[in-house]
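Only the coordinates and a few stated rules stand behind these numbers; no lab work does. Here the structure is a predicted model, which is why all the values come from computation and not from measurement. A quick note on method: Cβ atoms are made from the backbone with ideal geometry, for glycine too, and the neighbour counts reach across all protein chains shown.
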Amino acid sequence: MSAPSPEAPEAPGLTFLAELSVTVGEPIDVGPTPEGHRRVIPITGGTVSGPALNGRVLPGGADYQLLRSATLTELDARYVLETDDGHRIFVHNSALRHGSAGDIELLNSGAAVDPSKIYFRCWPRLTSASPALEWLNTRLMLGTGERQPGRVVIRIFTVD
């Protein structure tokens, strides 16, 4: 007689936090380095909307990209959000973007690519000095991304 198999543990849930529509400028191409091809994408502004956060993306941040291969890009974006009531939030968003070589080439040129063809997942860290937003400092978050012409759309979820 065999022992009963243990049940798989329950996975944590996710709660939608906000959608960020981040506008971006022209890429600054650094070129091939020992780690991969580097690019810097200026962040020029945008909006934040959701059940827990509403406001805007302040200009001045950037997405530091490392094209590891023709199909895989590592993203490291850092920028600031300002809520409608004036609170500021620092965002450090790490992400992986993967797709066929042709689709990634199109994305990198600024063209539209069907989001279902691209794996774009992120783990944003949101921190704030505001007592009203202190709870952000104590939560893990995950997200999905879509690169669109002139902007990136990030949907952020808190891990319950």
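Data for the structure
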{"item": "Amide hydrogen neighbours beyond the local backbone of Arg125, cut-off 5 Å, H modeled", "result": "His92, Asn93, Ser94"}
{"item": "For the chain, alpha-carbon Rg over 2.2 N^0.38 Å", "result": "1.17"}
{"item": "Where a label projected 7 Å from the Cα of Ser130 along Cα→Cβ would reach, residues of the stretch 86-117 with amide N under 11 Å", "result": "86-90"}
{"item": "Choice from Leu20, Leu81, Leu140 with maximal GNM fluctuation in the chain (Cα, 10 Å cutoff)", "result": "Leu140"}
{"item": "Label point distance in nm, Arg155-Glu26, each placed 7 Å from Cα along Cα→Cβ", "result": "3.3 nm"}
{"item": "Karplus-derived 3J(HN,Hα), 6.51/-1.76/1.60, for each residue of the stretch 42-49, Hz, glycine and proline x", "result": "x, 9, 9, x, x, 10, 10, 8"}
